[in-house]
Amino acid sequence: MSQPAPKDRDNVVNLQERRLDRTVLRTYRTKVDIDEVVPNPNQPRLGPKVDEELQRQIEANGGLFEPLLVEPHPDLPGKFRIIDGDRRWSNSRVLVEQGKADYRQVPVEVTDRTLTEEDRLRVWIYIHRQRKEWDAKEKEMVAYRLVDLMGRTSAANILGISVRELDKLVDVFEVSQRFNSLRDPSAAITWARELMGVSKKLLTPSVMDAVVAKVNAKRITNSKDLRKLRAILPDPVAKANFLTDAGDLDTALLRLGTPEKAKSGGLTDDLDAAVESMKKVPWTTLQELKGDSELLAKIEDAEKLLRSLRAALT
């Protein structure tokens, strides 16, 4: 087990327990120089970390509003590695590099030991699942990153999902990376989720390429419009139009054929045939059959049978 940094051993007596999912941490709080904190190279979050809005929040608060969660660095004595808080550390560092020395001292919550790779990831994921960003844009990205770091089986285990569910998240993230001309890059996940909601059998490579090209060219501007593909793609004429350079969702919808009345066969067809047969009986024939006891008995039997059938089906 790794030991706390020498200068912080006195803090061990002030350890507090913090339960995060299945992992129980023992931590203490202190302040350290920003250069004593080192980012984690296997951080699950991808993408840029510098955020001007976050810098403004840090300045407005007079420093970090939430301490960084860190652990004793296993290879650099006297330094700490970030478990959670990489963006906060990165943007505090930007402020320090701008000459704002007031932000050099950062609050940290230090674990009493260096965590295992799996525990570190479990803790980070548990913390981020409590935040609104998780469902909004992070879960697919983290799934993709975990597969890269640990493989599919371990990634699924850490996320608490099946490998099949994991693969779906990874597929969505990979598709989202193709939407590269959106005004808000973080919205790419929303577009990818909508597209992957279409039946996989219909999403051929040519369809995927056409959708991505038309979205990036801003010819489709609302992600929910991708739901129209569910009607377009099963129709060969509408699909062919959409796949052309000039085609789009609206022109393809105009080419949808009128679907023939679906037939379910069996009992439904027999009932349809019986009803049609009765409709065709001439009025004069009905007059002649009036009072026919044998026919009335058969109609009564038919009524009983239909009532029984209705009761069985409802």
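The values are calculated or read from the model by the stated rules, or taken from the named source; none is laboratory data. Note that the coordinates shown come from a computational prediction; the quantities given were computed from them, not determined experimentally. Note that each Cβ is placed from the backbone with ideal geometry, even for glycine, and that neighbours are counted across all protein chains shown.
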### Query
What are the residue pairs meeting all of these: first residue in the range 240-254, first residue touching a residue at least 40 places away in the same chain (Cβ under 8 Å), second residue assigned to a helix (DSSP H, G or I) and surrounded by 14 or more Cβ atoms within 10 Å (Cβ to Cβ), Cβ atoms under 8 Å, and 6 or more apart or on different chains?
none
## Note on the structure
Note on W191: of the conditions (1) in contact with a Phe, Trp or Tyr (Cβ under 9 Å, 6 or more places away or on another chain); (2) within 30 Å of E118 (Cα to Cα), unmet is (2)
### Task
Please work out which residue is farthest from L267 (Cα to Cα), limiting yourself to the range 277-303 and to residues that are of a type in the set (K, R) and either at pLDDT below 80 or not in a helix (DSSP H, G or I) (or both).
K290
### Query
How many of the residues in the range 212-257 are among the β-branched types (V, I, T), outside any helix (DSSP H, G or I) and in contact with a helix residue (DSSP H, G or I) (Cβ under 6 Å, 6 or more places away or on another chain)?
1
### Task
Output the residues belonging to the range 176-194 that are more than 12 Å from the chain's Cα centre (by Cα) and in a helix (DSSP H, G or I).
P185, S186
### Message
Show the residue pairs meeting these rules: Cβ distance below 8 Å; 6+ apart or different chains; first residue within the range 49-77 and farther than 28 Å from L25 by Cα; second residue of a type in the set (K, R) and assigned to a helix (DSSP H, G or I).
### Response
D51/R87
### Task
May I ask you to list the residues in the range 71-93 that are touching a strand residue (DSSP E or B) at 6+ places or on another chain (Cβ under 7 Å) and acidic (D, E)?
E71, D84
### Query
Is at least one residue of the range 198-211 modelled with pLDDT of 95 or more, surrounded by 20 or more Cβ atoms within 10 Å (Cβ to Cβ) and either in a helix (DSSP H, G or I) or touching a Phe, Trp or Tyr at 6+ places or on another chain (Cβ under 8 Å) (or both)?
yes
### Query
Which ones in the range 1-46 are surrounded by fewer than 16 Cβ atoms within 10 Å (Cβ to Cβ), among the hydrophobic types (A, V, I, L, M, F, W, C) and either in the same structural domain as A188 (by TED's automatic domain parsing) or modelled with pLDDT under 80 (or both)?
M1, V12, V13, L46
